[in-house]
Amino acid sequence: MRSSAEASLHLGANTSDGARSVALGAMLLVCAVALGLVESWLLVWSPVPWLRIGLANVAVLVALACIGPRSALAVSLLRVMLVGVATGTLFGPGTVLAVSGAVCALVAMLLVRAAGARFSIIGWSVAGASAHVLGQFLAAALVTGSAAIVSLVPVSVLASLFLGIATGLIARPVISRVMPAV
Amino acid sequence: MTTRGDRILVLVIAIVAVLAIPVLAAASSGQDSSQAVVTGPAGRTVLDLGVDRTIVVQGLCGDVVVEVSNGTVRVVESTCPDKVCVRSGALDSHGGVVACVPNGVTVVVGAEGERGLDAIVR
């Protein structure tokens, strides 16, 4: 969680604010891991097995909006690592997919965020969800060496639009309550 | 509230995704839809959907069992942790893809240009 401390120092915040950011970042990381686990249980009933709801992205969205990009990156990547350690799949092909998706999602959300007030949190979330799908499928195509997987991308991206809107709607009230505390 | 930018973003992504469906389908067409191509780290195996058969493919973290029965092909067993491939179910001659990413194994039924939307969402 060093990076969240760095993020707030970078913003010129005082030590107390830095500590708050670290605490909030750590809390969001725990939320991200928990949401990811809940999602993996829900996955059993999913009609489309490879499609994920992206609940963990709620925590990343809150980190990005309330603390900053470095915290969001830390929450996102550390979540992947912790889930990898917990499930014993760290550094396997699944981790490659997850990291690729997470990085693409964060880059897309940063780009949309840079556009300022033109996009709300829903826009960030939708951009992140679509980019996550793209990153994950490109990594899957590379890992399996099969370009045929890419044919699943359009339908998954369409689904991610709805899921992105949904996670954005969940994140928005959380952000409006957490923001005053930072 | 959503902004105008949000709505435009959603619309643009949706249009690009819809337009990409025929493009990607055309790029991967030209294969025989009566056959399933099983690709693993060790190589490719072509299965005829008309002949019931079960094969074991060596994956990256263990064996993947692929079964052809009644004109459909499916992954019946895999050593992967998430079992997405097993839950993906069976593919028939309409085409589609089942992938076991942890094992690096894919099952593809060809002629993807002919298939409908519901065949992709398997």
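Each peptide in A:32-42, A:76-86 was scored by the mean count of other Cβ atoms within 10 Å over its residues; highest first, the order is A:76-86, A:32-42. Taking the helices alone, the protein assembly as shown has a mean residue ellipticity at 222 nm of -19000 deg cm²/dmol, built from -39,500 (n - 2.57) per DSSP H run of at least 4 residues and averaged over all its residues.
Can you bin chain A into rounded, prolate or oblate? Criterion: square roots of the alpha carbon gyration tensor eigenvalues sorted a ≥ b ≥ c, rounded for a/c under 1.5, prolate for a/b above b/c, oblate for the rest. Prolate.
Dipole magnitude for the protein assembly as shown: computed about the Cα centre from +1 point charges on Lys and Arg Cβ and -1 point charges on Asp and Glu Cβ, it is near 1120 debye.
A Förster radius of 45 Å combined with the Cβ-Cβ distance from B:V46 to B:I8 puts the calculated FRET efficiency at roughly 0.50. When +1 charges are put on Lys and Arg Cβ atoms and -1 charges on Asp and Glu Cβ atoms, the dipole computed for chain A relative to its Cα centre reaches about 240 debye.
Between the alpha-carbon centres of region B:62-112 and region A:164-182 there is a gap of 39 Å. Between B:D63 and A:M179, the distance separating the two model label sites (each 7 Å from Cα on the Cα→Cβ line) works out to 5.8 nm. Label point of A:A34 set 7 angstrom out along Cα-Cβ; within region A:80-121, amide nitrogens under 16 Å from it belong to A:83. Near A:S46: Cβ cut-off under 10 Å, other residues only, Lys/Arg at +1 and Asp/Glu at -1. The net charge is +1.
For the pair region A:117-148 and region A:74-88, the centres of their Cα atoms are 19 angstrom apart. Relative contact order for chain A: 22 percent, from Cα pairs under 8 Å spaced at least 6 residues apart, divided by residue count.
Applying a DSSP loop filter and a limit of 14 other Cβ atoms within 10 Å to the chymotrypsin sites (Phe, Trp or Tyr not before Pro) in region A:83-182 leaves A:F91.
All of the numbers you see were taken from the coordinates with simple rules; none came from a lab. No experiment lies behind these values; they were computed from the predicted model shown. Cβ sites come from the backbone with ideal geometry, for glycine too, and all protein chains shown count toward neighbours.
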